[in-house]
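Okay, so here's the structure we're looking at.
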Amino acid sequence: MMRIMQRRQFLTKSGISLLNLFLSGCGWTLANIQAAATNPNLSNELYIYTWTAFVDEKLLQQFTKETGIHSIANIFDSNETMLARFQVSGGGGYSILYPSDYMVKKMIDLGFLLELDKSKILVEDRLFPRFKNPEYDPESRYSIPIAWGLTGLIYNRNQVKKPPEDWDYLWQHQQEFAKRITLLNDVREVMGAALKSLGYSYNSSNPKEIKAAYEKLRCLKSAIATFTTEDWKTQILTGDIAIAMCYSDEANRIIRENEDLAFVIPRSGTSFAVDNLVIPKTAPNIAGGYAWLNFILQPQVLAKLCQRLSFGTPSEAAFNLLPLQFQKNPILFPSQNILMLCEEISPLDNETNELIDRYWTLLTSN
């Protein structure tokens, strides 16, 4: 997705370096994007910090047309980048953020999020039961789920004659696809996939299990072209790589461009990510933030976003407005049997975060 996109744990020691990487290497991709919220106190301006996939020019223009509020979207490529920039900038002038599930919990614990006044949210809450009162935000006091998706493998059927079925495929075929495999630039997703391939939880905090996952990834390192959340798209379309770890929403969009591409959800299970709308306590335009919530939560808006941007919608009302081919799309809406094997990425304690951080640095720096 979306998210699923990237989308996952805050690396305590590397927050500043992540921010520096973001500022130096991640370009803005929307017409209305600006480098910073230069004048965030204007009531007719709304600064949004979001994933690449969630907003486009049509959406921003429609919001302005309906509300009279000029919206400016800045892009992040991971929850870690978002949190690092938010902390360093003292909120950055943003009135709307799009954190994933575990990051919502992290930001609640840090005291960064505004408790939502439900009387100001005018659109009826018609979520599927799975998305009501989530573990990361009991009673949904601080967040509203906006999209969901899974992590899996996209591959080129012309290059990959025997389709992958599970994570272990990467290790079993690493010589065949040496330097033609990419993994996400996302510590929790990559470590989680390795943990899952060993029969452990995506959210394991057992040091022995985490070390085993690192050692297994180290064995795969020579076959990995790069760790990337964005560049794999161009590379797989040009044929430079054969297999990429990616989010289901992005896979669905890319497959539209090349019928030789296919997507698989690993049969041992994967991550189930939910991206959310939140208003930070530092928001300079809280009224505008509620206007954005009410605009996005309209079922017809969510349904159009689902079709245009290829993410799963948690809104039952929006789902019912989708064309049948979208409702039956197994990439966006897989079966309950598959969903039962998937885990939401959960926050980990500081000691486990630091351990995973050390292994991630070793893995990606050599």
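The values are calculated or read from the model by the stated rules, or taken from the named source; none is laboratory data. All of these numbers come straight from a predicted model, not from anything done at the bench. Reconstructed Cβ throughout: ideal geometry from the backbone, glycine too, with neighbour counts over all protein chains shown. All accessible areas refer to the heavy atoms of the entire protein, side chains included, with ligands and DNA or RNA removed. Shrake-Rupley method; radii C 1.70, N 1.55, O 1.52, S 1.80 Å.
Based on alpha carbons, the Rg and Dmax found for region 152-256 are 13.3, 41 Å. Compute the Cα gyration tensor for region 237-366, then decide on rounded, prolate or oblate, letting a ≥ b ≥ c be the square roots of its eigenvalues: rounded whenever a/c is under 1.5, prolate when a/b is larger than b/c in the other cases, and oblate in all that remain. It comes out oblate by the Cα gyration axes.
Highest first, please rank the peptides 235-242, 101-108, 203-210, 305-312 by the mean number of other Cβ atoms sitting within 10 Å of their residues. Intermediate values should be presented prior to the final figure.
Details: 235-242: 17.6, 101-108: 24.0, 203-210: 15.6, 305-312: 22.5.
By packing density, highest mean first, the sequence is 101-108, 305-312, 235-242, 203-210.
Across region 172-180, computed HN-Hα scalar couplings (Karplus, 6.51 cos²θ - 1.76 cosθ + 1.60, θ = phi - 60°) run 5, 10, 5, 6, 4, 10, 4, 6, 10 Hz from first to last residue, x flagging Gly and Pro. Under 17 Å of direct C-alpha separation, and excluding same-chain neighbours fewer than eight residues apart, Lys65 reaches these aspartates and glutamates: Glu45, Asp56, Glu57.
In debye, nearest 20, what is the charge dipole magnitude of the chain about its Cα centre with +1 on Lys and Arg Cβ and -1 on Asp and Glu Cβ, if you could check? Present the calculation step by step, with values, prior to reporting the outcome.
Working: 36 positive and 39 negative charges, 80 e Å.
That gives a dipole near 380 debye.
In straight-distance terms, cross-link reach from Lys58 covers every one of the lysines whose alpha-carbon lies under 18 Å from its own, apart from those fewer than eight places away in the same chain; here that gives Lys304. Taking all protein chains into account, the per residue accessible area for the chain stands at 41 Å² (1.4 Å probe).
Give me the net charge of Ser197's neighbourhood, meaning all other residues with Cβ under 14 Å from the Cβ of Ser197; Lys, Arg count +1, Asp, Glu -1.
Charge balance near Ser197 sits at -3.
Straight-distance candidates among the aspartates and glutamates for linking to Lys162, with alpha-carbon spacing under 20 Å and chain neighbours fewer than 8 residues away dropped: Glu176, Asp240, Glu259, Asp260. The fraction of accessible area contributed by carbon and sulfur in the chain is 50 percent, rounded to a whole number (1.4 Å probe; ligands and nucleic acids excluded).
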